[in-house]
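Some notes on the structure that comes next.
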Amino acid sequence: MEVIGIALNQPTLSKAPRKERAVLVGVAFNGADDLRESLSELAALADTAELEVVGMVTQVRREADPAYFVGRGKAEEVARLCGELNADIVIVDHELTPAQARNLENLVGVRVVDRTELILDIFARRARTKQAMLQVELAQLQYQLPRLRRMWQHLSRLGGGIGTRGPGETQLEIDQRRAKKRIADLQRQLREIQRQTSARVQSRKERQLFTVALVGYTNVGKSTLMNALTKAQVFVEDRLFATLDATTRVLVLPDGHRALLTDTIGFIRKLPPHLIASFHATLEEVRTADLLLHVADVTHPALDDHIAVVERTLQEIGAGGKPTILVLNKADRLPPDWDRERLSQRYPNALLVSALTGNGLDELRRRIQREYAKQRLVRVRGQLALWAQDLVAFAYRNGVVYSVAYTDDAIVLDAEMERHFAEHLQKQVTLLNAGSVSVTPVVAESNAHQPFHFAHLLVSLRDQR
Ligand SMILES: Nc1nc2c(ncn2[C@@H]2O[C@H](COP(=O)(O)OP(=O)(O)OP(=O)(O)O)[C@@H](O)[C@H]2O)c(=O)[nH]1
Ligand SMILES: [Mg+2]
């Protein structure tokens, strides 16, 4: 790996043995009311990056100040606070332009990092596989390329061996060229990985495997659910972005049918767009899934926001509008006085579960099976010529035969099978001129949005307490 300005693809924050002390800065634009929630999430991100949050500064503004992001007076307040609290770093809860970061840093006198950089830092800490590492490095480089000038200033202020003159334009140019070359290189490697992923996904499609993907906000329990449903051993932690890869396992449905379940990276508000773009290959599993399990933490105060952010992000990655089951997780942690009315009114089709205790998971398996049946299974009814025994045998081999009756001039068949088998059968019947069959979905579309045992589940959860 090349070293460009600062070392890449590794955490750039808090490498010291003592935790770095951070002051958080957040702005509510036009009275946006998610400031508190966004800042508490930023604090969780800072904690995940091993920083110690020692202070917070907020401001309400109409728009960002082009020079300092916050107003000049507010920036001076941040500087004072950093002095008083002996802070090492300021983290701004938005993406800063290179100029804003530079100006703010000069004024405040400690390192200034924005939300994007913090998230990239966490991703760099957490990437374990080659693919995740390449994806993170690409996102880091794309973020840093327009900011290289600032890094050089930063290094020259530190003084360490750079010389009193400071780095010349030439060195900056060299770095920019190297960064661009490395970006192209990473993109090429990732295209290769993408090609392999697509081939794998394609082969699953050809084998007609029903694929289910876990999606949701970070830290809601997707991996815990994956482990509970499939006996996988995905790493679980009460911190943000524990998962950065995709893991796929076989999921056995109640009737014995097999599906594939994929666990992958969680989403968060203000997820940097180039990070989403870099994780294109990982997210392929989500884009191509037949069914999404949208997992949310039912006990989180920002539940509604989280669900909205995930739905938006799904649209952005090209996975909007897919059949989805909303899974409200961590039901075991609901307080005794939780607002059951509000929840069941707001999310009438949701399923309440606890991945930790296993409560509700049988119902979830049944719901997945139902979706599978709805998308894949069809009823085949028809009359076949008496000589078409082979077609009856085909139905026995590839489906469930409910009845076969012989009349004087026909075989009356009633069976259920996967759509592709039914289509094959239908084609053969036409080709051989062997009678006629009708193919209809097993689960009627109109039943799709029935509230599914929600009330029953609520009662059983209450009984448990
Ligand atoms: N009480 C309770 N805790 C849960 C439940 N499911 C998960 N958790 C906890 O929530 C935390 C996050 O769980 P993960 O499974 O890592 O969550 P995730 O959605 O995969 O998170 P990322 O991969 O970081 O996006 C862990 O501390 C889990 O033990 C649940 O049903 N009840
Ligand atoms: Mg996870």
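The values are calculated or read from the model by the stated rules, or taken from the named source; none is laboratory data. Small disclaimer: the values here were computed from a predicted structure and weren't measured. In this analysis, Cβ positions are derived from the backbone assuming ideal geometry, glycine residues included, and neighbour counts consider all displayed protein chains. Side chains included, ligands, DNA and RNA excluded: accessible areas come from the protein's heavy atoms. Shrake-Rupley method; radii C 1.70, N 1.55, O 1.52, S 1.80 Å.
Assorted remarks:
- Calculated FRET efficiency, residue 257 to residue 232, Cβ-Cβ distance, R0 = 22 Å: about 0.75 to the nearest 0.05.
- Semi-axis lengths (Å, descending) of the ellipsoid that matches the C-alpha gyration tensor of the chain: 53, 27, 17
- Qualifying lysines (Cα of each under 30 Å from Cα of residue 427; at least 8 residues distant if same chain): 205, 322, 374
- Note on segment 68-128: Kirkwood hydrodynamic radius from all Cα pairs is 12.1 Å, rounded to one decimal.
- For segment 66-71, the Karplus equation 6.51 cos²θ - 1.76 cosθ + 1.60, evaluated at θ = phi - 60°, returns couplings of x, 8, 10, 6, 8, x Hz by residue, with Gly and Pro reported as x.
- Per-peptide packing, taken as the mean over residues of other Cβ atoms within 10 Å, places 86-94, 268-276, 371-379 in the sequence 86-94, 371-379, 268-276 from highest down.
- Distant-in-sequence amide contacts of residue 402, defined by a placed amide H-H separation under 5 Å and a gap of 5 or more residues or a different chain, comprise 414, 415, 416.
- For trypsin sites (Lys or Arg not before Pro), the sites in segment 60-138 that DSSP calls loop and that have at most 10 other Cβ atoms within 10 Å are 62.
- Residue 357 paired with residue 432, simple spin-label distance in nm, labels 7 Å along Cα-to-beta-carbon: 5.5 nm
- Long-range amide H partners of residue 260 with built H, under 5 Å: 210, 211, 212, 251
- Per residue, segment 384-426 exposes 55 Å² of accessible surface when a 1.4 Å probe is rolled over the protein heavy atoms with every protein chain present.
- Taking all protein chains into account, the per residue accessible area for segment 21-181 stands at 45 Å² (1.4 Å probe).
- Using the Cβ-Cβ distance between residue 199 and residue 379 with R0 set to 22 Å, the FRET efficiency from 1/(1 + (r/R0)^6) comes to roughly 0.05.
- The length gained by stretching the chain between residue 84 and residue 97 to full extension, at 0.36 nm per residue less their Cα-Cα distance, is 2.0 nm.
- Each peptide in 348-358, 331-341 gets a packing score, the mean of other Cβ atoms within 10 Å over its residues, and the list from highest to lowest is 348-358, 331-341.
- Where only DSSP H runs of four or more residues are counted, the chain gives -14500 deg cm²/dmol as its mean residue ellipticity at 222 nm, each run worth -39500 (n - 2.57).
- Taking all pairs of distinct alpha-carbon atoms in segment 374-443, Kirkwood radius in angstrom: 11.7 Å
- Ligands, DNA and RNA are left out, and with a 1.4 angstrom probe the accessible area of segment 205-313 is 35 Å² per residue.
- Surface share of carbon and sulfur [accessible, 1.4 angstrom probe, percent] for segment 374-443: 52 percent
- Computed from Cα positions, the angle between helix 148-158 and the longest principal axis of the chain comes to roughly 40 degrees.
- Its Cα gyration tensor gives segment 21-181 an equivalent ellipsoid, and the semi-axes of that ellipsoid, as √(5λ) in whole Å with the largest first, are 26, 21, 15.
- The string of couplings for segment 330-346 from the Karplus curve (6.51, -1.76, 1.60, θ = phi - 60°) is 6, 4, 4, 9, 5, x, x, 9, 5, 7, 5, 4, 4, 5, 6, 6, 6 Hz, one whole number per residue in order, with x for Gly and Pro.
- Nearest 10 degrees, 0 to 90: helix 72-85 Cα axis against the chain principal axis: 80 degrees
- Computing FRET efficiency as 1/(1 + (r/R0)^6) for residue 208 and residue 129, where r is the C-beta to C-beta distance and R0 is 35 Å, gives about 0.80.
- Accessible carbon and sulfur surface of segment 169-232 relative to its total accessible area, %, 1.4 Å: 48 percent
- With each label modelled as a point 7 angstrom along the Cα→C-beta vector, the residue 30-residue 177 pair spans 4.5 nm.
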